[in-house]
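Here is the structure we will look at.
Rule-based calculations on the coordinates, nothing more; no lab input. These figures come from a predicted structure and were not determined experimentally. Note: ideal-geometry Cβ built from the backbone for every residue, glycine included; neighbour counts use all protein chains shown.
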Amino acid sequence: MVMSTILSRKSVRKYSDKPINNSVIEKILEAGRLAPSWVNVQPWKFIVVKAQETKDLLCEACGGQNQVKNAQVVICCVADFDSWNKTHFGKVLAQKGLDDTTIDGIVTSSLLNPSNLGEYETLLRSVEQLTYAVSYMTLEAEEQGVGCCIVGAMANELTKTSDEMAQKVKEKLGLNNRQVLVDLLTLGYEENPKPTKKLRKSVEEVVFYEKIN
């Protein structure tokens, strides 16, 4: 069943005017919340955007990608650096039943906690973790019959295309300097749905055993 959803999922950029029920949106968000995460650190936050003014600003920040402003709902997927600090990370580790010595060993480890290496490394690991949640939400959207498109090309700390626009978006979404907007999930029911062929590289091009030949 999961493979069937993977095979049918596609990027949908043209949406009808049909609204998305809140219960459907909540199921999509729940899929993201339950995604895998290293020692349950969960360095993510999700902002549900329905206001047209905000969608228009996000569209501008994404270089005019119309699916952003035309979506019924946009889920802003945010990497939260503070999730790695001792207060927050330590809390989730304690909830797993780990003792103080083990928690301190994980939180202070450069291998297990990228915040001990620097901002760039923390961003890399946070983006990695957030990707799992994004993937789960796209699959749940497909399962719910909702079209979805992942938008990652935007003004932010990753692309460094426009600091001014990136700051406008951060202020609009209430983000602090320890939070980075990484992806947008645009959601809506597909307008004039048509079957499409999933184009991917062959197995031989991407799968290797023991080492890349």
Per the 1/(1 + (r/R0)^6) rule, R0 = 30 Å and r from the Cβ atoms of Thr159 and Asp56, FRET efficiency to 0.05 is 0.95
Diffing the stretch 110-120: the Karplus 3J(HN,Hα) column from phi (6.51, -1.76, 1.60, θ = phi - 60°), in whole Hz with x for Gly and Pro, holds 6, 6, 9, 9, x, 5, 7, 9, x, 5, 4
If Tyr209, Tyr132, Tyr120 are placed from fewest to most neighbouring beta carbons inside 10 Å, the sequence is Tyr209, Tyr120, Tyr132
GNM on the chain, Cα springs under 10 Å; top mean-square fluctuation among Leu184, Leu139, Leu124 goes to Leu124
Any residue on another chain or 5+ positions along whose placed amide H is under 5 Å from the amide H of Val73 is listed here as Leu187
Counting only residues 5 or more apart in sequence or on a different chain, those whose built amide H sits under 5 Å from that of Lys14 are Glu191
Once Lys and Arg are counted +1 and Asp and Glu -1 for all other residues with Cβ under 12 Å from that of Phe81, the total becomes -2
For Lys55, the aspartates and glutamates lying under 16 Å Cα to Cα, once residues fewer than eight places off in the same chain are dropped, come out as Asp17, Glu171, Asp183
Given unit charges at Cβ for Lys, Arg (+) and Asp, Glu (-), the dipole magnitude of the chain about its Cα centre in debye, nearest 20, is 620
At 37 °C and 0.692 mPa s, the Stokes-Einstein diffusion coefficient in µm²/s for the chain, with hydrodynamic radius from the Kirkwood sum on alpha carbon pairs, is 176
Phi-derived 3J(HN,Hα) across the stretch 29-40 with the Karplus relation (6.51, -1.76, 1.60, θ = phi - 60°), rounded Hz, x for Gly and Pro, is 5, 5, 4, x, 4, 8, 5, x, 8, 4, 6, 6
Restricting to lysines and to Cα separations under 24 Å from Lys211, and discarding same-chain partners fewer than 8 apart, the set is Lys201
For Leu185, the net charge from surrounding residues (Cβ-Cβ under 15 Å; K, R +1; D, E -1) works out to +2
Charge tally for neighbours of Leu175 with beta carbon under 12 Å away, counting Lys, Arg as +1 and Asp, Glu as -1, is +1
For the stretch 10-16, Karplus-derived ³J(HN,Hα) couplings (6.51, -1.76, 1.60; θ = phi - 60°; whole Hz; x for glycine and proline) come out as 8, 7, 10, 10, 10, 10, 7
